[in-house]
């Protein structure tokens, strides 16, 4: 059970909490346990406003039965009129601002003062930490979940928080199940999801490496089928890989599906291969094993921790070279196709054994 916040902060009548979570899709997923703790606090009698980047980000949490008021940064113009509109919507409405880890501490401090909030908590180091009610020290290698736990503990919540999880509706699950036969992928095993690109160029693993890794897997799993994920902008990279894999059943999903449909299709995959992306976190949150290819960002910081997946990172002195800003680096290329195919094979064999064990337990068959 989550404890009350009131013994740590005093929220005045007609005011509430502002939860700031307007980074990427992966950040929304990773911060979901903290958001759930704030929204489900025992005896809560005040509103929770959540500052998302876009409506698409809100879709990730839509089915979590959270009482919240979404506000979308993407709907605000980046000019004086837009800032005035934002101030009108936020000023004097919140006494507590909770900021997800890795949000800009400078923006958090600014929000505290322009909205008139009494308290603000988040991840920050000096000098910004002096202006916050509590801050977890900024880190680029400490696990994200541990930073969120520190913020939660400062608010009086029991920790550790639960790992990120996203629920799917039955109709969403049924949709994904019906899509696979239409694509000729009924009763295929294994079903491997891949994302062949990334928004951030330093996090892109080469297309030719994806091709080689999948070819290695095909040598071990004759029934291998692929589901390709990503935005419409990533379709070119997916097509480059697909062209080299003649005979491998392939369902192209780049740019086709909504966020909720993407979650449902990720749920159908036996394993998901990608770089450090939002889809990696989405896959993990629906329980799919992930093989994550890290380069500039820290696997210790960002890799999913509770989905029985495997994170791979380069054995280079620079890793992790991302420390709040991107630097020119191609260290992700040091992760080889054989490393990825071996890790994927391990995940698939583990999943198969787990399924067999469950089947034996249900049917009463003794190995």
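Every number in this text was worked out from the coordinates using simple rules, so none of it is lab data. Predicted model only: the values in this text are computed from it and were never measured. Here Cβ is always computed from backbone atoms with ideal geometry, including for glycine, and neighbour counts include all displayed protein chains.
Quick notes on this structure:
- Only helices enter this figure: runs of n ≥ 4 DSSP H residues, each worth -39500 (n - 2.57), summed and divided by the residues of the chain, yield -11000 deg cm²/dmol at 222 nm to the nearest 500.
- Matching the structure-derived Rg/Rh (Cα atoms, Kirkwood Rh) against the labelled list [x] 0.94; [y] 0.97; [z] 1.00 gives the label [z].
- Estimated FRET transfer efficiency (residue 187, residue 55; beta-carbon r; R0 35 Å; 0.05): 0.45
- Length added when fully stretched, residue 141-residue 88, from 0.36 nm per residue minus Cα-Cα: 15.4 nm
- With Cα atoms, 0 to 90° folded angle of helix 80-90 axis to the chain main axis: 80
- Packing around the peptides 89-101, 237-249, taken as the average count of other Cβ atoms within 10 Å per residue, puts them in this order, highest first: 89-101, 237-249.
- Between residue 167 and residue 231, full extension at 0.36 nm per residue minus the direct alpha carbon distance yields a gain of 20.8 nm.
- Tilt relative to the chain, helix 144-154 - C-alpha long axis, 0 to 90 degrees, to 10: 30
- Overall form of region 171-363 per C-alpha gyration tensor (a/c, 1.5; a/b vs b/c): prolate
- Of the peptides 167-180, 329-342, the order by per-residue mean of other Cβ atoms within 10 Å, starting with the highest, comes out as 329-342, 167-180.
- The angle between the Cα long axis of helix 259-268 and the longest principal axis of the Cα atoms of the chain comes to about 40 degrees, rounded to the nearest 10.
- Computed extension length for residue 73-residue 315: 83.3 nm, one decimal, from 0.36 nm per residue of separation with the Cα-Cα distance subtracted.
- Here the label points at residue 245 and residue 12, each 7 Å from Cα along the C-beta direction, are separated by 5.8 nm in the simple model.
- Listed from fewest to most Cβ neighbours within 10 Å, the set 254, 54 follows the order 54, 254.
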